[in-house]
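The block underneath contains the structure these notes are about, expressed in structure tokens.
The values are calculated or read from the model by the stated rules, or taken from the named source; none is laboratory data. Small disclaimer: the values here were computed from a predicted structure and weren't measured. Every residue, glycine among them, receives a Cβ derived from its backbone with ideal geometry; neighbour counts consider all protein chains shown.
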Amino acid sequence: MVFNTLTFLAFFAIVLVLHSLPLPWTIRKVNLLLASYVFYAAWNPPFILLLWISTIVDWYAAQGLVRADRPATRRAWMLLSVIANLGMLLYFKYGTFLLDNFTALMATLGLHYQAPKSDIILPVGISFYTFATMSYTLDVYLRRALPARSFLDYALFVTFFPHLVAGPIMRPTELVPQFETPRRASRQQLCFGLGLMTLGLFNKVVLADTFLAGAAERVFDRGQAPGLLDAWTGTLAFSAQIFCDFAGYSTTAIGTALCLGFAMPDNFRFPYAAIGFSDFWRRWHITLSSWLRDYLYIPLGGNRHGPLRTHIALMTTMLLGGLWHGANWTFVVWGGLHGSYLIAERRLRAAFANYRPGLLGLFGLALLTYFLINITWVFFRAKDFQTAWMVLRGMAGLNAAAEPIVPTPFIVSTGVVVTALVATHWAMRERTLESMLARVPAPVIACAWGLMAFAIVISQGSGNAFIYFQF
């Protein structure tokens, strides 16, 4: 079940009505838990077993961590959780990838090995809920948090349907306490939540699917070398598409939770207005970048052991972050490029510590940041390296004999949407949506809301899955 379908709207209306009834809080939480299982089962019911395994293992692991009186016992409970969660992730997400690469390695060594055929189906959202549940036992192990007092609250944290399949990646300390006391959205929360859902669906259905997807698909999926204009059009289209798609999901998820009375953290803060790559990762997929920082970068040493260790920690974190997105070497290259950017940025900051750029300098740095980020999106979108190099050659103007593959209307619509999107990010760079809406007259907000809703309806979307569902 995806947010951009009539099925979800009917499902959510029923959940909202049940949650608003004057029932005991425990009953309403059970309703939310059952609704979350229904939401997930709409893809593939047997995969609910994975949710149950993850929930039960981490619940008992956290209880064991609290009761353990020896460091070795605590490490054993922590390893049980990590091995169970990462084991499922490795099998379902990376099993075929590892087999294919092992077969290729054997062939390189002159050994013939035929791996058995595998029909492993990737469970939707496994990367997201695996990280969420691992943070629970890791926080308890590191004594950052106490275990949940109620199994129902913890089970609901794992399966809460707004964030279950594509984030934001929630921490138990952010959501479990909210389940301890009765919650029902106020009128203001309900209106703002519905507004966020409309904004999120507008980003997904209208911008990502209707105006941007076509140009990106023609450049990356046709296997035809693009010219300079087509290559840049397709890359910029995907750059905007993935933001509108993923930020659209996060915004819809946050709005959905708010309609039920629960708060979830922002996942995007206008990233295409970033000045530098550390600034970009403070604005893009914030819950993932903070998870990688807290549970990978800092344990690897962070910036506490000199420049070399810092660079190794940065590169390792970004390479694994790239691999988290998908079982393909193109994602590793994407992560490696971001790791290289972050290392280069740290070295340049140290070399020019006293440099204070003016307005023109900041503009140049922002333009360079945006340009280099778009280079990384080529590897993120391309299915293989052949396609990536073909598009990069086109962006460099080296596909001289290329025939036009992107129709003029697609080029125009991409240019308009990308320009408007980047301009909006810069206008909102130091602001929040809440602070901006507080200064806008109510009739203007109502008019914009109505136009977005109308655009969603007339776009006649086919319920395309969100891009991050495959991760």
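List the number of the failed condition for Leu50; all other conditions in (1) more than 24 Å from Gly255 (Cα to Cα); (2) touching a His at 6+ places or on another chain (Cβ under 8 Å) hold.
Failing condition for Leu50: (2).
Within the stretch 132-228, which helices (runs of 4 or more DSSP H) (wholly inside it) include 1 or more residues that are free of Cβ contacts under 8 Å to residues at least 60 places away in the same chain and touching a Phe, Trp or Tyr at 6+ places or on another chain (Cβ under 6 Å)?
Values: elements: 151-159, 172-175, 187-201, 213-220.
Answer list for the stretch 132-228: 172-175.
Here's the yes/no breakdown for (1) over 27 Å from the mean Cα position of the chain (by Cα); (2) closer than 29 Å to Leu229 by Cα; (3) aromatic (Phe, Trp, Tyr):
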| position | (1), (2), (3) |
| --- | --- |
| Phe385 | no, yes, yes |
| Leu398 | yes, yes, no |
| Glu403 | yes, yes, no |
| Ala420 | no, yes, no |
| His425 | no, yes, no |
| Met436 | no, no, no |
| Arg439 | yes, no, no |
| Trp449 | no, no, yes |
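Okay, residues lined up against (1) small (Gly, Ala, Ser); (2) under 19 Å from Phe469 (Cβ atoms); (3) modelled with pLDDT of 90 or more:
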| site | (1), (2), (3) |
| --- | --- |
| Phe92 | no, yes, yes |
| Leu111 | no, no, no |
| Ala115 | yes, no, no |
| Thr137 | no, no, yes |
| Val140 | no, no, yes |
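Considering only residues that are free of Cβ contacts under 8 Å to residues at least 60 places away in the same chain, among the polar types (S, T, N, Q) and either farther than 18 Å from Trp329 by Cα or not assigned by TED's automatic domain parsing to the domain that holds Ile275 (or both), which ones fall in the stretch 352-385?
If the condition is that a residue be free of Cβ contacts under 8 Å to residues at least 60 places away in the same chain, among the polar types (S, T, N, Q) and either farther than 18 Å from Trp329 by Cα or not assigned by TED's automatic domain parsing to the domain that holds Ile275 (or both), then Asn354 is the only one that fits.
Looking at the stretch 214-228, is at least one residue modelled with pLDDT of 95 or more, charged (D, E, K, R) and crowded, with 24+ Cβ neighbours inside 10 Å?
For the stretch 214-228, residues modelled with pLDDT of 95 or more, charged (D, E, K, R) and crowded, with 24+ Cβ neighbours inside 10 Å: absent.
Please verify whether Tyr249 is free of Cβ contacts under 8 Å to residues at least 40 places away in the same chain, closer than 28 Å to Val165 by Cβ and hydroxyl-bearing (Ser, Thr, Tyr), treating the condition exactly as stated.
Values: free of Cβ contacts under 8 Å to residues at least 40 places away in the same chain: no; closer than 28 Å to Val165 by Cβ: yes; hydroxyl-bearing (Ser, Thr, Tyr): yes.
Answer is no for this residue.
Tell me yes or no: at least one residue of the stretch 379-399 is modelled with pLDDT under 95 and either in a helix (DSSP H, G or I) or buried (at least 19 other Cβ atoms within 10 Å of the Cβ) (or both).
For the stretch 379-399, residues modelled with pLDDT under 95 and either in a helix (DSSP H, G or I) or buried (at least 19 other Cβ atoms within 10 Å of the Cβ) (or both): present.
Within the stretch 268-319, which residues are touching a residue at least 40 places away in the same chain (Cβ under 8 Å), part of a helix (DSSP H, G or I) and crowded, with 19+ Cβ neighbours inside 10 Å?
The answer is Pro271, Tyr272, Ala273, Phe277, Phe280, Trp281, Ile286, Thr287, Leu288, Trp291.
Would you be able to tell me the number of residues in the stretch 351-365 that are among the aromatic types (Phe, Trp, Tyr) and either outside any loop (DSSP other than H, G, I, E, B) or under 29 Å from the mean Cα position of the chain (by Cα) (or both)?
If we filter the stretch 351-365 for residues that are among the aromatic types (Phe, Trp, Tyr), which is where we start, we get 352, 355, 363.
The next check asks that each one be either outside any loop (DSSP other than H, G, I, E, B) or under 29 Å from the mean Cα position of the chain (by Cα) (or both); those that pass are 363.
Here the count works out to 1.
Quick one: would you say Leu348 is more than 19 Å from Phe379 (Cβ to Cβ) and part of a helix (DSSP H, G or I)? Please lay out each step first, then the result.
Values: more than 19 Å from Phe379 (Cβ to Cβ): yes; part of a helix (DSSP H, G or I): yes.
Judged against the criteria, Leu348 is a match.
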